[in-house]
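The values are calculated or read from the model by the stated rules, or taken from the named source; none is laboratory data. Since this is a predicted model, take the numbers as computed values, not measurements. Cβ: placed from backbone, ideal geometry, glycine included. Neighbour counts: every protein chain shown. Please note that ligands, DNA and RNA were not included when accessible areas were found on the heavy atoms of the full protein model with its side chains. Shrake-Rupley method; radii C 1.70, N 1.55, O 1.52, S 1.80 Å.
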Amino acid sequence: MRILYGVQATGNGHITRARVLLPALQAAGAEVDMLFSGRDQARLFNMEPFGDYAHREGLTFVTDAGRVQRWQTLTHNRPLQLVKDIRALDLNGYDLVLTDFEPVTAWAARRSGVPSVGIAHQYAFLHRIPGTGFMPWLKPCIRFFAPADEMIGLHWHAFNAPILPPMIEPVQGALSEDETKVLVYLPFEAQDEIIYWLSGFSDFRFRVYAGVDQPRRIGNIELCPFSREGFQQDLYSCRGVIANAGFGLCSEAIQAGKSLLVKPLRGQVEQISNAAVLEQMGLAWVMPRFGQEPIERWLELPSGAPMPWPDVAGTLARWITTGRQVPLDNLARELWHHRPDMSVSPA
């Protein structure tokens, strides 16, 4: 089976999923070509596992100071280039297109009549998810952005729907806890503001991953260049994680049993909903805006226990390469059966 696998690269969570699903598909006997879009290729890092991957401009959103900038997002994206890339993408010889909310491959499959499967956190919002409120436009937007014949959502809870658990790599190595070390990943926030709010907690050492060329220390804050390996080492050894409410990193922190403080990106429906779900499930402390009090109160909280996620990638890879015969409801039940039921309120 030959598969074209498109990945939305605006955030690292989509790429993190691909790091797990790609080898699982290959182990199941599939031949897989990768395509990434949504971020300048020069800003992608640690991409060696994906081999000779393709890159397209795609679509993304523009942020400033922790908020989605709608006007800049509209003017930054180039829909005519997107249409050209969709029409130019040759799908001859492919048996299936996988899309992790990536629009070029999704629309090229629809245009060419090639079977397609979407696997992404965003597809969970086709069901009733807490924190979304009355948003009649949400489901049509998701279906339009990256359509697929079969759309599979991932989330921290099934919500009485055929939603699967997070697709996360198992912990690689020993977990420990340095009581003074806090991992920070807030790529959509102003760096000066991060430094301002964290510098007052001198008893703690903050490892902040940001777009810097070289490591740099400012008092109790260490600015670190993006590095998948270094980031994972810090995740496994820190006492807690401060992050935006992105699905991928939060899933990794929950799996590692790390205390989690999230600041959802303002204006981004997915992150606002994620924060609501995390809070209801007792998996994170939510900080709508920077402030000394929420950080101080969170730093007093104990860590949780590790919560390993099931082998979603292996299960999906076998399901895909054997013709997708098993109903998605059955897959969901199989993968969730060992998880404790945590009650959450409906949307």
Extreme residue, surrounded by the fewest Cβ atoms within 10 Å (Cβ to Cβ), among residues of segment 15-51 that are farther than 13 Å from Tyr5 by Cβ and of a type in the set (Asp, Glu):
Glu48
When both residues are 6+ apart or on different chains and their Cβ atoms are under 9 Å apart, which pairs have a first residue that lies in segment 204-233 and is free of Cβ contacts under 8 Å to residues at least 24 places away in the same chain and closer than 30 Å to Phe50 by Cα, and a second that is open to solvent by less than 40 Å² (accessible area, probe 1.4 Å) and charged (D, E, K, R)?
Pro215/Glu222; Arg216/Glu222; Cys224/Asp234
Do we have Val277 as surrounded by 19 or more Cβ atoms within 10 Å (Cβ to Cβ), in contact with a Phe, Trp or Tyr (Cβ under 9 Å, 6 or more places away or on another chain) and assigned to a strand (DSSP E or B) here?
no
Listed residues Leu21, Leu59, Leu89, Leu96; which is at pLDDT 95 or above, closer than 20 Å to Ala148 by Cβ and under 22 Å from the mean Cα position of the chain (by Cα)?
Leu21
Name the residue that is nearest to Ala9 (Cα to Cα), counting only residues in segment 233-247 that are open to solvent by 20 Å² or more (accessible area, probe 1.4 Å) and outside any loop (DSSP other than H, G, I, E, B).
Gln233
What do you reckon, is Met167 assigned to a loop (DSSP other than H, G, I, E, B), at pLDDT 90 or above and closer than 29 Å to Ile86 by Cβ?
yes
Of all residues making up segment 88-120, the number that are touching a strand residue (DSSP E or B) at 6+ places or on another chain (Cβ under 7 Å), assigned to a loop (DSSP other than H, G, I, E, B) and under 16 Å from Ser37 (Cβ atoms)
3
Going through segment 1-12 one residue at a time, which ones are out of contact with any His (no Cβ under 7 Å at 6 or more places or on another chain) and surrounded by 23 or more Cβ atoms within 10 Å (Cβ to Cβ)?
Leu4, Tyr5, Gly6, Ala9, Gly11
Expected single match for assigned to a loop (DSSP other than H, G, I, E, B) and open to solvent by less than 40 Å² (accessible area, probe 1.4 Å) among Pro308, Pro288, Pro264, Pro294 is Pro264
Scanning segment 191-217 residue by residue, those assigned to a strand (DSSP E or B) and in contact with a Ser or Thr (Cβ under 7 Å, 6 or more places away or on another chain) turn out to be Arg205
